[in-house]
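J.: Below is the structure I would like to discuss, written out as structure tokens.
The values are calculated or read from the model by the stated rules, or taken from the named source; none is laboratory data. All of these numbers come straight from a predicted model, not from anything done at the bench. All Cβ positions, even for glycine, are placed from backbone atoms using ideal geometry, and neighbour counts span all protein chains on display.
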Amino acid sequence: MDWRDQVRKVVPYVPGEQPQGTGFIKLNTNENPYPPSPAVEKALAAVDADRFRLYPDPEAGVLIGALSERFGLPKDRFFVGAGSDDVLGMAFLTFFNGSLPVLFPDVTYSFYDVWADLFRIPYEQVPLDEHYEIQAAGYDRPCGGIVIANPNAPTGLAKSLSFIREMVENHPDVVVIVDEAYVDFGGESAVGLIETYDNLLVVQTFSKSRAMAGMRIGYAIGNPELIAAMQAVKYSYNSYTMNLPAQIAGAASLKDEAYFKEQVDRVVATRERAKAALAELGFQVLDSKTNFLFCTHPEVDAETIFAALRTKKIIVRHFSGERVKAFLRISIGTDEQMDTLFAALKEIIGDGR
Ligand code: PMP
């Protein structure tokens, strides 16, 4: 007997590179290129460090209160966590405790299969169609649950609200998780359906549209029974997932709706401009409703472009999976950063053709 035999074997999720030097144009992890609302900085500056002696409010009342106000829903519809990764992981652990496979697309957020493996959840990956779209037909069977990222990542493609409604309606006996990490950039949110369907859990994040990836704030919205089930699991694991600054900063962000809208609109405008610029360089670009573009070049290999950009200190994301290795995922930066990217691509593609 060796202690190594008892070690949990996992193949971890690989996050995008966070370079430590300066001078990089970082377009690889879908962060927001603009700062969070000035109200966030102000709220954090007012935090008295003496309060760090005490544990934070385990219920994150300030943050839940602000979410409740923003969405016009009662507080018992919300669950918060340290980023939506924490919330999604907790949801997998809570709701997927059966023997039938949980279903999600073969091309989607690559953390889903990692959580499923970690928690010993059976799962099957349903192929996207040839246009990289999620197909309803593949989900039309008994299963242990469904997870849909909408818009999907890394494709950027969004499904309609009626598609999601049908999915939830067709599977009343399992929980359907809709991961809306990117919804604010042009998708249709399913939050309006949570009062109608008790098996729908919507998950969102402050990391993208609210420009607060470093604060680690995510949340789920669902009916009180779903939320209570997640709370029970959370309190069986870690009562204090949300530190005090995160609770305060998150609440401040939610109260500055005007700034939020303005920044989201800026990113969307740059995305549309970038889409046209990439197409002009010969890229095929999927129709993104997110803050990134998923694109492939018919003549120059994606990995070659990725490496050439990296030498110019421009970091984008390349995935090695069979169905996605021809693509690059490019986060939307500022207009200036994108112009630098286009100039670099012009050189690389010119050389490569
Ligand atoms: N869902 C999707 C689809 C994502 O792309 C990400 C970002 N990696 C997340 C969830 C998690 O984001 P966070 O934990 O920062 O909220």
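J.: Conditions: (1) within 25 Å of the chain's Cα centre (by Cα); (2) free of Cβ contacts under 8 Å to residues at least 60 places away in the same chain; (3) in a loop (DSSP other than H, G, I, E, B); (4) more than 16 Å from the ligand (Cβ to nearest atom). Glu41 meets all but one. Number of the miss?
T.: (3)
J.: Need the failing condition index for Ala269 against (1) more than 15 Å from the ligand (Cβ to nearest atom); (2) in contact (Cβ under 8 Å) with a residue 24 or more places away in the chain; (3) of a type in the set (A, V, I, L, M), just the number.
T.: Tallying (1) more than 15 Å from the ligand (Cβ to nearest atom); (2) in contact (Cβ under 8 Å) with a residue 24 or more places away in the chain; (3) of a type in the set (A, V, I, L, M), Ala269 fails exactly one: (2).
J.: Show the residue pairs meeting these rules: Cβ distance below 6 Å; 6+ apart or different chains; first residue within segment 196-213 and assigned by TED's automatic domain parsing to the domain that holds Asp179; second residue more than 7 Å from the ligand (Cβ to nearest atom) and of a type in the set (Asp, Glu).
T.: Once the first residue is assigned by TED's automatic domain parsing to the domain that holds Asp179 and sits in segment 196-213, its partners that are more than 7 Å from the ligand (Cβ to nearest atom) and of a type in the set (Asp, Glu) give Val202/Glu180; Gln204/Glu180; Ser209/Asp184; Ala213/Glu31.
J.: State whether one or more residues within segment 3-25 are away from the ligand (no atom under 16 Å from the Cβ), part of a helix (DSSP H, G or I) and among the hydrophobic types (A, V, I, L, M, F, W, C). Full working, then the answer.
T.: Step one: list which residues in segment 3-25 are away from the ligand (no atom under 16 Å from the Cβ), which gives 3-11, 19-25.
Now drop any that are not part of a helix (DSSP H, G or I), which leaves 3-6.
Checking the rest, the ones that are also among the hydrophobic types (A, V, I, L, M, F, W, C) come to 3.
Within segment 3-25, one or more residues are away from the ligand (no atom under 16 Å from the Cβ), part of a helix (DSSP H, G or I) and among the hydrophobic types (A, V, I, L, M, F, W, C).
J.: Has segment 29-52 got at least one residue that is in contact with a Phe, Trp or Tyr (Cβ under 7 Å, 6 or more places away or on another chain) and farther than 29 Å from Ile194 by Cα?
T.: No: segment 29-52 contains no residue that is in contact with a Phe, Trp or Tyr (Cβ under 7 Å, 6 or more places away or on another chain) and farther than 29 Å from Ile194 by Cα.
J.: A follow-up question, please. Mind checking which residues of segment 142-156 are surrounded by 13 or more Cβ atoms within 10 Å (Cβ to Cβ) and away from the ligand (no atom under 12 Å from the Cβ)?
T.: Hits for segment 142-156 are Cys143, Gly144, Gly145, Ile146.
Okay, residues lined up against (1) closer than 16 Å to Pro151 by Cβ; (2) touching a Gly at 6+ places or on another chain (Cβ under 7 Å):
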{"residue": "Ser162", "(1), (2)": "yes, no"}
{"residue": "Glu166", "(1), (2)": "no, no"}
{"residue": "Asp173", "(1), (2)": "no, no"}
{"residue": "Asp184", "(1), (2)": "yes, no"}
{"residue": "Glu188", "(1), (2)": "yes, no"}
{"residue": "Val191", "(1), (2)": "yes, no"}
{"residue": "Tyr197", "(1), (2)": "no, no"}
{"residue": "Val203", "(1), (2)": "yes, yes"}
{"residue": "Lys208", "(1), (2)": "yes, no"}
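J.: What are the pairs, 6+ residues apart or on separate chains, where a residue within segment 315-343 that is assigned to a strand (DSSP E or B) has its Cβ under 6 Å from a residue that is among the polar types (S, T, N, Q)?
T.: Here the result reads Ile315/Asn28; Arg317/Asn28; Phe327/Thr296; Ser331/Asn30, each pair linking segment 315-343 to a residue that is among the polar types (S, T, N, Q).
J.: From Gly98, Gly81, Gly61, grab the single residue that is closer than 30 Å to Lys9 by Cβ, over 20 Å from the mean Cα position of the chain (by Cα) and of a type outside the set (S, T, N, Q).
T.: Exactly one residue qualifies, and that residue is Gly98.
J.: Let me ask something additional. Starting from residues that are acidic (Asp, Glu) and within 16 Å of Ile217 (Cα to Cα), keep the ones in segment 30-53 and report whichever is surrounded by the fewest Cβ atoms within 10 Å (Cβ to Cβ).
T.: Glu41
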